[in-house]
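Contents: one structure, followed by commentary.
The values are calculated or read from the model by the stated rules, or taken from the named source; none is laboratory data. Note that the coordinates shown come from a computational prediction; the quantities given were computed from them, not determined experimentally. In this analysis, Cβ positions are derived from the backbone assuming ideal geometry, glycine residues included, and neighbour counts consider all displayed protein chains. Quick note on the areas: whole protein, heavy atoms, side chains included, nothing else; ligands and nucleic acids left out. Shrake-Rupley method; radii C 1.70, N 1.55, O 1.52, S 1.80 Å.
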Amino acid sequence: MSRRYDTKTTIFSPEGRLYQVEYAMEAIRHAGSAVGILATDGVILATEKRVVSPLLDQSIISKTEISNSEKLYKIDSHLVCAVAGITSDANTLINISRMTCQRHTYTYGQKMPIEQLVRRVCDIKQGYTQYGGLRPFGVSFLFAGYDKDFGFQLYLADPSGNYSGWKAVAIGTNHNSATSMLRSEFKINKEQTGDNIEGTKELNLKEATKLVVKVLAKTMDSTSLTSEKLEFSFVKKVDGKIVTEILSPKKVDELLKEHKDVIEED
Amino acid sequence: MDSLVGFVGKNYVLMAGDTNAGRSIMRLKEDFDKLVPVDSHKILAKSGEIGDGNQFCNLIIRNVSLYRINNETELSTKSVAHYTRRQLATAIRKNPYSVNLLLGGYDKKDQKGSLYYLDYLGSSKKINYGAQGYAALFVGSILDRFWKEDLDFEDGLELMKKCLREVEKRLIIGTRCFLIKMINSDGIAVVEKVMINSKKKNEIEEEN
């Protein structure tokens, strides 16, 4: 019965749903996972690579400093994003994001505030759910960055064109178990806060990294965590300047070795 | 004929402009305010063609307002200067605006005042003190000599009056009346409306 309302994005179903948009979100549920945590002094994004093959030519990484990341992209010097879903769809939106950031700097002489960029990308995504007769983008983004007005921020933008800011978020495969792990770590009981409300913990970047590794270790399918399967990226302040870094495989291995105890907790 | 003067002091920016509006040899209006507020903490002082000044400043003010409403955050003085310069630079080879501006603003985030010199060709420069119009010929040397960093408000006002006195004395075209405005953490305030007559013994009269 719902078949009649599947094919075009620009049609509501009798129950008031947009099936194409929902199917796009379903595509992301099967994609490689991505986790993001907002710490007091930075933001960390971690992703699980899908294409892992010894036949992949990784030689560019050793020859140059160019990051060869599958799911993490730098949008501007103060903004990084993680991708979950159809990579080619993501590439288009990443190009648009980069242009938008530079256009903003061209006009206003300042770095683009994060939420404005996220809103712009989401407005484009929303357009593809309402008019044009084209299918929606099958990508969710985790945007992590810093701006002067609101400090460090983490946003999730989904194919419907909705976005929200998060303290910790997981998307892709096993995101439910990852989310429940994050939630239990972040929650402070009513007794601990003193007030009658549940609070959330404030982690620093080191603690956040540890938590991300722990969550990935528990939710990933593969047995061992190496730089072959994982990618990490940070947004943090170094000597008063904002630094965005997508870690090279060597640094990822170092990081995983540092948090080895958390991985082997099982 | 327009005279605009501005300089940065200790946590404030002081700006003054003459209040004459004229057309060739005729004085049309003697109470013309050339220091328009861009938002609560920024002033655009305009000089040049009156129509272009109105049109251009309106454009800037409305766009700055739109940005604030869309993004729930205010632009810094530096960004407004950058944006204004961009508009002037794209216009110069298409439909030039004959306006020269002084943009003064106070940024709460940095707790500092700043002043920018912008002209119709698309120049933009952050300055500590400066002037537009004929005043620039006389006021430049006075400010070179007497401006210091972090001047108190009283000293700043004295210095401003010194500048305006010189403008009135030396310009053949009578610019007697000036409006002095200040921007600080509380916003924009009209300091004084002065009328200078160098021939009279009591040179400067305050006009309320």
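From the set of residues in the stretch B:60-75 that are within 11 Å of chain A (Cβ to nearest Cβ) and hydroxyl-bearing (Ser, Thr, Tyr), which is surrounded by the most Cβ atoms within 10 Å (Cβ to Cβ)?
B:TYR67
Might you let me know whether the stretch A:147-155 holds any residue that is open to solvent by 30 Å² or more (accessible area, probe 1.4 Å) and of a type in the set (S, T, N, Q)?
No, that holds for no residue.
Does B:SER3 count as of a type outside the set (A, V, I, L, M), open to solvent by less than 50 Å² (accessible area, probe 1.4 Å) and either at pLDDT below 95 or in contact with a Phe, Trp or Tyr (Cβ under 7 Å, 6 or more places away or on another chain) (or both)?
Criteria met by B:SER3.
Suppose the filter is surrounded by fewer than 17 Cβ atoms within 10 Å (Cβ to Cβ), within 13 Å of the chain's Cα centre (by Cα) and modelled with pLDDT of 95 or more; does A:SER140 pass it?
In short, no.
Every residue, every condition in (1) in contact with a Gly (Cβ under 9 Å, 6 or more places away or on another chain); (2) open to solvent by less than 10 Å² (accessible area, probe 1.4 Å); (3) acidic (Asp, Glu), yes or no:
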{"residue": "A:THR10", "(1), (2), (3)": "yes, no, no"}
{"residue": "A:ARG17", "(1), (2), (3)": "no, no, no"}
{"residue": "A:HIS30", "(1), (2), (3)": "yes, no, no"}
{"residue": "A:ALA46", "(1), (2), (3)": "yes, yes, no"}
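Would you pick out the residues in the stretch A:22-57 that are within 14 Å of the chain's Cα centre (by Cα) and either of a type in the set (A, V, I, L, M, F, W, C) or farther than 23 Å from A:TRP166 by Cα (or both)?
A:ILE28, A:ALA31, A:ALA34, A:VAL35, A:ILE37, A:LEU38, A:VAL43, A:ILE44, A:LEU45, A:ALA46
Filter the stretch A:232-257 down to the residues that are outside any strand (DSSP E or B) and either small (Gly, Ala, Ser) or more than 24 Å from A:LEU216 (Cα to Cα) (or both) and list them by number.
Passing the criteria: A:ASP239, A:GLY240, A:SER248.
Within the stretch A:19-133, considering only helices (runs of 4 or more DSSP H) that don't extend past its boundaries, which have at least 3 residues that are touching a residue at least 24 places away in the same chain (Cβ under 8 Å) and more than 14 Å from chain B (Cβ to nearest Cβ)?
Once the helices (runs of 4 or more DSSP H) in the stretch A:19-133 are filtered for at least 3 residues that are touching a residue at least 24 places away in the same chain (Cβ under 8 Å) and more than 14 Å from chain B (Cβ to nearest Cβ), what remains is A:19-29, A:87-108, A:114-130.
With respect to the numbered conditions (1) over 17 Å from the mean Cα position of the chain (by Cα); (2) over 25 Å from B:THR84 (Cβ atoms); (3) modelled with pLDDT of 90 or more; (4) not β-branched (Val, Ile, Thr), which one is the sole condition not fulfilled by B:SER185?
With respect to (1) over 17 Å from the mean Cα position of the chain (by Cα); (2) over 25 Å from B:THR84 (Cβ atoms); (3) modelled with pLDDT of 90 or more; (4) not β-branched (Val, Ile, Thr), B:SER185 is out only on (2).
Checking the condition at pLDDT 95 or above, within 14 Å of chain A (Cβ to nearest Cβ) and surrounded by fewer than 19 Cβ atoms within 10 Å (Cβ to Cβ), which residue from B:LYS108, B:LYS126 passes?
B:LYS126
Could you tell me which numbered condition B:ILE180 fails, if it satisfies all but one of (1) open to solvent by 20 Å² or more (accessible area, probe 1.4 Å); (2) modelled with pLDDT of 95 or more?
Going through the list (1) open to solvent by 20 Å² or more (accessible area, probe 1.4 Å); (2) modelled with pLDDT of 95 or more, B:ILE180 breaks only (1).
Go through the residues of the stretch A:219-233 one by one and say whether even a single one is open to solvent by less than 40 Å² (accessible area, probe 1.4 Å), at pLDDT 90 or above and among the charged types (D, E, K, R).
yes
Please verify whether the stretch B:34-53 includes one or more residues that are without any contact (Cβ under 8 Å) to a residue 24 or more places away in the chain and open to solvent by 70 Å² or more (accessible area, probe 1.4 Å).
Checked against the condition, which is being without any contact (Cβ under 8 Å) to a residue 24 or more places away in the chain and open to solvent by 70 Å² or more (accessible area, probe 1.4 Å), the stretch B:34-53 yields no hits at all.
Contact list please: Cβ distance under 6 Å, first residue in the stretch A:206-235 and β-branched (Val, Ile, Thr), second residue assigned to a helix (DSSP H, G or I), pairs at least six apart or on different chains.
A:VAL213/A:VAL262; A:VAL215/A:ALA178; A:VAL215/A:MET181; A:THR219/A:SER177; A:THR219/A:ALA178
Tell me which strands (runs of 3 or more DSSP E) are completely within the stretch B:1-66 and hold 1 or more residues being closer than 21 Å to B:SER79 by Cα, or say none if there are none.
Where strands (runs of 3 or more DSSP E) fall fully within the stretch B:1-66 and carry at least 1 residues being closer than 21 Å to B:SER79 by Cα, they are B:3-9, B:12-18, B:35-39, B:42-48.
Quick one: B:LYS78 ticks every box in (1) within 14 Å of another protein chain (Cβ to nearest Cβ); (2) free of Cβ contacts under 8 Å to residues at least 40 places away in the same chain; (3) open to solvent by 70 Å² or more (accessible area, probe 1.4 Å); (4) not β-branched (Val, Ile, Thr) bar one, so which box is it?
Unmet condition: (2).
Can you confirm whether A:PRO159 is out of contact with any strand residue (DSSP E or B) (no Cβ under 7 Å at 6 or more places or on another chain), more than 14 Å from chain B (Cβ to nearest Cβ) and assigned to a loop (DSSP other than H, G, I, E, B)?
no
Which members of the stretch B:173-198 meet the condition of being among the aliphatic types (A, V, I, L, M) and without any contact (Cβ under 8 Å) to a residue 24 or more places away in the chain?
Residues satisfying the conditions are B:ALA189, B:VAL190, B:MET195.
So, of the residues in the stretch A:90-125 that are within 15 Å of A:SER77 (Cβ to Cβ) and small (Gly, Ala, Ser), which turns out to be surrounded by the fewest Cβ atoms within 10 Å (Cβ to Cβ)?
A:GLY109
Looking at B:LEU151, B:LEU115, B:LEU159, which one is out of contact with any strand residue (DSSP E or B) (no Cβ under 7 Å at 6 or more places or on another chain), within 14 Å of B:LYS10 (Cα to Cα) and modelled with pLDDT of 95 or more?
B:LEU159
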